[in-house]
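Report on one structure; see the data block that follows.
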Amino acid sequence: MVLSSLAIGLKYSGLRRQTKSGKPGDLPFHDSVLSEEEVYFQSFHLDNLTKSTTNALPVANATGRIAFGNDDIFYVVTSSGWPNYIDGVSRVSVLGPELDLDWMIGSGFYGIGYDKSRDELYLANSNGFQGNGTITVFNKEGSEIRSFDTGRGPSGSLFY
């Protein structure tokens, strides 16, 4: 059995120091440049928790806000950041070739959630933190179904 995880590339470029043993203070094994142009999908063996695979996906400016949908699809909020705040949602298949980097484009995207029982994506907009936010609900094809007002700074949705 394999456990999967998702790691988002950091929002800045810099050096990460790795050591042979992985312990702080040991001599460096190599330096690697962190990327703001990729997200990393990793899987681990559950029997001994060793890494099975790592896949780098070309999703630039990922924010760390992620929703897992049905059919092994996940949605990642992206943002250019200050001063333009060009935001988007990338739609990526965990197991297949689907990669839609510009599935949705907008501004003010601040949270995301997915209702698997209804097959609906909930995208939270902060509205510039100048009042209450808005949540817009989309079907899996990206068509808007409805929207509603929320409190300030909506940051996500949880469905259980």
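What follows is calculated from the coordinates using simple rules that are stated; it is not laboratory data. Model, not experiment: these values are computed from the prediction. Cβ placement follows ideal geometry from the backbone for every residue including glycine, while neighbour counts extend to all protein chains displayed.
Points worth noting:
- Neighbour-count order for 114, 85, fewest beta carbons within 10 angstrom listed first: 85, 114
- Using θ = phi - 60° in the Karplus curve 6.51 cos²θ - 1.76 cosθ + 1.60, the 3J(HN,Hα) couplings for the range 145-157 round to 9, 6, 8, 8, 7, 10, x, 6, x, x, 10, x, 9 Hz; x is entered for Gly and Pro.
- Near the amide H of residue 120, within less than 5 Å, lie the amide hydrogens of 115, all on another chain or at least 5 residues away, with H placed in the peptide plane.
- Karplus-derived 3J(HN,Hα) values for the range 43-58, using 6.51 cos²θ - 1.76 cosθ + 1.60 with θ = phi - 60°, are 10, 10, 6, 6, 6, 9, 6, 8, 5, 8, 9, 9, 10, 9, 10, x Hz; glycine and proline are entered as x.
- Theoretical FRET efficiency, 1/(1+(r/R0)^6), r = Cβ-Cβ of residue 160 and residue 130, R0 25 Å, to 0.05: 0.20
- Segment residue 152..residue 71, full-extension length gain: 26.0 nm, with 0.36 nm per residue of separation and the alpha-carbon distance subtracted.
- Computed E for residue 51/residue 99 - FRET, C-beta separation, R0 30 angstrom, nearest 0.05: 0.85
- For residue 155, the amide hydrogen comes within under 5 Å of no other amide hydrogen, counting only partners 5 or more places away or on other chains and with H modelled in the peptide plane.
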